[in-house]
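> This is the structure I have questions about; it appears just below.
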């Protein structure tokens with residue numbers, strides 16, 4: 001059974017800093033991995049999706065990488081802004097299983 | 001193309017009442033997922049449905065909870081005889097297909113409060 005963890009649980013950085021969020025999964029036989037953003041009291045917004053055959057995906061200041069063999073993905077945020085403050089969740093899709101979510105990393109970017 | 005629509009946004013029920021949560025997937029999406037989220041916790045899978053079929057309900061309690069996705073109309077998550085422990089945010093997500101490129105699109109959720 002797939003299990004997903006995320007570290008750190010919370011992170012506070014000053015504006016402008018580059019940062020990395022980590023996602024680990026136990027079963028490397030995945031279809032894809034998706035990163036989401038969740039603002040307080042809101043639903044989830046999809047940020048990036050990496051298929052199992054891909055190593056990374058980029059969108060603006062966001063870059064997500066995938067290392068299936070080690071069961072890890074990282075989300076890199078460049079030049080962080082206060083508007084980036086949110087909870088970031090990763091979710092893994094495997095064969096025969098539904099999307100499994102990590103507990104999230106709560107990010108605060110201080111002006 | 002409207003996103004995933006959930007209603008109501010907030011639902012207050014007294015213990016023992018029934019709660020009905022609705023989810024209209026994005027146009028063209030035939031796969032619907034329901035998740036539950038408790039404060040400060042991640043999303044827990046409840047049930048996965050395709051049109052008129054429950055594909056996987058392994059995350060849904062066997063008693064008091066049921067889900068449907070009829071041929072016409074929204075998907076419904078129904079909780080009978082609610083208890084305080086059912087208080088949570090319930091999120092619906094839809095996707096157009098399965099496989100390696102499957103991508104989830106989420107609604108804004110329904111916050112259920114049981115008094």
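The values are calculated or read from the model by the stated rules, or taken from the named source; none is laboratory data. Computed from a prediction, not measured in an experiment: that's the story for all the values here. FYI the Cβ positions are ideal-geometry reconstructions off the backbone, even for glycines, and counts take in every protein chain you see.
> Check every one of the strands (runs of 3 or more DSSP E) wholly within the stretch A:1-66 and list those with 1 or more residues that are modelled with pLDDT of 95 or more and farther than 21 Å from residue B:43 by Cα. Talk me through it step by step, then tell me what you get.
On the way: elements: A:4-7, A:10-14, A:19-25, A:30-38, A:44-51, A:56-59.
In the stretch A:1-66, the matching strands (runs of 3 or more DSSP E) lie at A:10-14, A:19-25, A:56-59.
> OK, next. Quickly run through the stretch A:88-111 and pick out the residues that are farther than 17 Å from residue B:31 by Cβ, in a loop (DSSP other than H, G, I, E, B) and within 10 Å of chain B (Cβ to nearest Cβ).
Once the filter is applied, which keeps residues that are farther than 17 Å from residue B:31 by Cβ, in a loop (DSSP other than H, G, I, E, B) and within 10 Å of chain B (Cβ to nearest Cβ), the stretch A:88-111 yields A:102, A:103, A:104.
> Sticking with this one: Quick check: anything in the stretch B:58-70 surrounded by fewer than 14 Cβ atoms within 10 Å (Cβ to Cβ) and closer than 24 Å to residue A:37 by Cα? Even if it seems obvious, please write down each step before you answer.
We begin by selecting, within the stretch B:58-70, every residue surrounded by fewer than 14 Cβ atoms within 10 Å (Cβ to Cβ); these are B:58, B:61-63, B:70.
Add one more test, that the residue is closer than 24 Å to residue A:37 by Cα, and what stays is none.
Checked against the condition, which is being surrounded by fewer than 14 Cβ atoms within 10 Å (Cβ to Cβ) and closer than 24 Å to residue A:37 by Cα, the stretch B:58-70 yields no hits at all.
> Within the stretch B:72-103, how many residues are within 14 Å of chain A (Cβ to nearest Cβ), within 21 Å of residue B:52 (Cα to Cα) and either in a strand (DSSP E or B) or modelled with pLDDT of 95 or more (or both)?
6
> Now, a different point. Only one residue in A:52, A:59, A:12 is more than 14 Å from chain B (Cβ to nearest Cβ) and more than 12 Å from the chain's Cα centre (by Cα), so which one is that?
Working: A:52 fails: more than 14 Å from chain B (Cβ to nearest Cβ); A:59 fails: more than 14 Å from chain B (Cβ to nearest Cβ).
Exactly one residue qualifies, and that residue is A:12.
One line per residue, one yes/no per condition, for (1) surrounded by fewer than 17 Cβ atoms within 10 Å (Cβ to Cβ); (2) touching a strand residue (DSSP E or B) at 6+ places or on another chain (Cβ under 7 Å):
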position: A:27; (1), (2): yes, yes
position: A:78; (1), (2): yes, no
position: A:81; (1), (2): yes, yes
position: A:99; (1), (2): no, yes
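> Hey, residue B:63 hits all of (1) in a loop (DSSP other than H, G, I, E, B); (2) within 14 Å of chain A (Cβ to nearest Cβ); (3) without any contact (Cβ under 8 Å) to a residue 60 or more places away in the chain but one; which does it fall short on?
(2)
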